[in-house]
Amino acid sequence: MTKTSYVTGKEAFFGDDEIIVSKTDLKGHITYANDVFLKIAGYTEAEVLGQPHNLIRHPDMPRCVYKLLWDTISSGAEIFAYVKNRCKNGDHYWVLAHVTPSFDANKAIVGYHSNRRVPDRQALERVIIPLYRDLKKREDAFENRKDGMNAAFDDITALLQGKGVAYDEFIATI
């Protein structure tokens, strides 16, 4: 197991009144992290600034969710998504992330801003955890990682089309 995929299976929590905030450049490298981010993730500011945001990516997260996230924000739209993040020590924490592009005066995207709150525990356990487990299983069934991600992305797209909702509407209604 590599250092970046080490996980303990232990969940960490942050307060209902706390908000995790981070900003990245266009390539997803962290340009700002607030104290709540640093505390829950277990990093110092010096350790995260300039690092790719996937520093905290948990290996249980289906890559198709990140594809959906990046496709959405790079198009100039915002997205709400449940995300399981990995702490430096291998613990994990769940968030409901609101990710938005940041624009300059000419309306060009210059980076991304994410506010993350404590997620709805019932939505996590009833819908998100089983859904993400199925999507990850679908991804892992392929020898080629990209093929697996695309197959799982097709699955979640079909799920949303079947419900007649966009991803944000789906998240808001669970």
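Worth a mention:
- Backbone HN-Hα couplings from phi across segment 118-126 [Karplus 6.51/-1.76/1.60, Hz, Gly and Pro as x]: 5, x, 6, 4, 5, 5, 4, 6, 7
- Share antiparallel - DSSP beta bridges, the chain, percent rounded to 5: 95
- Backbone geometry of segment 21-30 corresponds, through the Karplus equation with coefficients 6.51, -1.76 and 1.60 at θ = phi - 60°, to 3J(HN,Hα) couplings of 10, 8, 10, 9, 7, 5, 8, x, 7, 5 Hz, x marking Gly and Pro.
- Shown for segment 1-116: the carbon plus sulfur share of the solvent-accessible area, taken with all protein chains present and a 1.4 angstrom probe, equals 54%.
- A 1.4 Å probe run over the chain, with the rest of the protein chains in place, finds 55 Å² accessible per residue.
- Spin-label model, A172 to L160: label points 7 Å out along the Cα-to-beta-carbon direction sit 1.4 nm apart.
- Close amide-amide hydrogen proximity is noted between H58 and R86, each under 5 Å apart and 5 or more residues distant or on a separate chain (H modeled in the peptide plane; Pro and chain starts excluded).
- Chain lengthening between I129 and K67 when straightened (0.36 nm per residue, less Cα-Cα): 20.5 nm
- Residue-wise HN-Hα coupling along segment 137-144, computed from phi with Karplus coefficients 6.51, -1.76, 1.60 (Hz; x: Gly, Pro): 4, 4, 4, 6, 6, 9, 5, 8
- Counting only heavy atoms of the protein chains and using a 1.4 Å probe, H98 has close to 50 Å² of accessible surface.
- Within the straight-line cut-off of under 25 Å between alpha carbons, the lysines reachable from K137 are K3, K10, K67, K84, K88, K146, K163, sequence neighbours fewer than 8 places apart in one chain being disregarded.
- Pairwise FRET efficiency - R117 versus K10, Cβ, R0 = 25 Å, nearest 0.05: 0.75
The values are calculated or read from the model by the stated rules, or taken from the named source; none is laboratory data. Because the structure is predicted, anything quoted here is derived from the model rather than measured. Here Cβ is always computed from backbone atoms with ideal geometry, including for glycine, and neighbour counts include all displayed protein chains. Calculation scope for accessible area: heavy atoms of the full protein, side chains included, ligands and nucleic acids excluded. Shrake-Rupley method; radii C 1.70, N 1.55, O 1.52, S 1.80 Å.
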